[in-house]
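The values are calculated or read from the model by the stated rules, or taken from the named source; none is laboratory data. In this text, all values refer to a predicted model and were calculated from it rather than measured experimentally. Here Cβ is always computed from backbone atoms with ideal geometry, including for glycine, and neighbour counts include all displayed protein chains.
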């Protein structure tokens with residue numbers, strides 16, 4: 001099992017450009033999440049998907065959109081990138097949407113917006 | 001609102017010495033508490049978790065944590081640190097139904113030989 005995979009690993013964008021971060025999991029998990037990690041702030045939840053076909057906002061959703069393409073895949077889109085979106089992005093998945101189910105994290109995507 | 005405080009941004013310990021990383025949380029109900037570790041360039045790996053019951057929980061890699069409700073703390077400990085433990089450690093609290101974790105800012109552990 002690969003677990004949670006993310007592409008790309010690194011990306012540099014100019015302000016105003018768009019891009020999609022891809023995430024896939026092979027653990028047959030129902031729930032998936034997108035976090036951003038900034039120095040001194042830990043991880044903050046951007047969006048999550050309780051199950052295929054549903055998505056909900058997390059703590060910091062502004063400037064992002066998501067798509068739960070199928071049970072395996074959950075993508076994060078930046079429509080018009082801004083320097084404030086420079087961050088490391090992590091995708092995670094869990095069997096169910098409840099605290100007693102462990103979240104498994106991908107290796108991250110390091111995004112720089114100039 | 002839920003919050004997690006990790007007071008120490010950096011900690012340096014000698015290899016073989018004991019370790020304690022501090023975590024304080026703010027949450028109105030019984031918390032679900034977690035410790036994650038992140039090695040450089042890697043994703044997060046769960047070390048241990050507390051849901052209920054015994055307040056001393058054992059995790060992987062020889063780590064343990066103790067839940068103290070009276071102090072709103074969930075400190076991580078290891079009796080003897082190895083150089084491979086150098087990483088960033090995050091404490092997190094489950095923020096109500098929905099598995100929406102709230103993370104602390106992290107503590108970077110350096111191990112000197």
Inset, instruction - Kindly indicate which of B:67, B:63, B:34 is surrounded by 14 or more Cβ atoms within 10 Å (Cβ to Cβ), touching a strand residue (DSSP E or B) at 6+ places or on another chain (Cβ under 9 Å) and closer than 22 Å to residue A:94 by Cα. - result: B:34
Inset, instruction - Take residue B:112 and decide whether it is within 15 Å of residue A:103 (Cβ to Cβ) and surrounded by fewer than 20 Cβ atoms within 10 Å (Cβ to Cβ). - result: no
Legend entry - Qualifying positions in region B:46-89 - assigned to a loop (DSSP other than H, G, I, E, B), more than 14 Å from every other protein chain (Cβ to nearest Cβ) and more than 21 Å from residue B:8 (Cα to Cα): B:54, B:55
Legend entry - Complete set of residues in region B:2-17 that are away from chain A (no Cβ under 14 Å), in a loop (DSSP other than H, G, I, E, B) and in contact with a strand residue (DSSP E or B) (Cβ under 7 Å, 6 or more places away or on another chain): B:15
Inset, instruction - Select, from A:63, A:16, A:53, A:40, the only residue that is at pLDDT below 95 and away from chain B (no Cβ under 12 Å). - result: A:53
Inset, instruction - Output the strands (runs of 3 or more DSSP E) that fall wholly within region A:67-114 and possess 1 or more residues being away from chain B (no Cβ under 14 Å) and under 14 Å from residue A:37 (Cβ atoms), or say none. - result: A:74-78, A:109-113
Inset, instruction - Look through region B:90-109, keep the residues that are outside any strand (DSSP E or B) and at pLDDT below 90, and return whichever of them is surrounded by the most Cβ atoms within 10 Å (Cβ to Cβ). - result: B:99
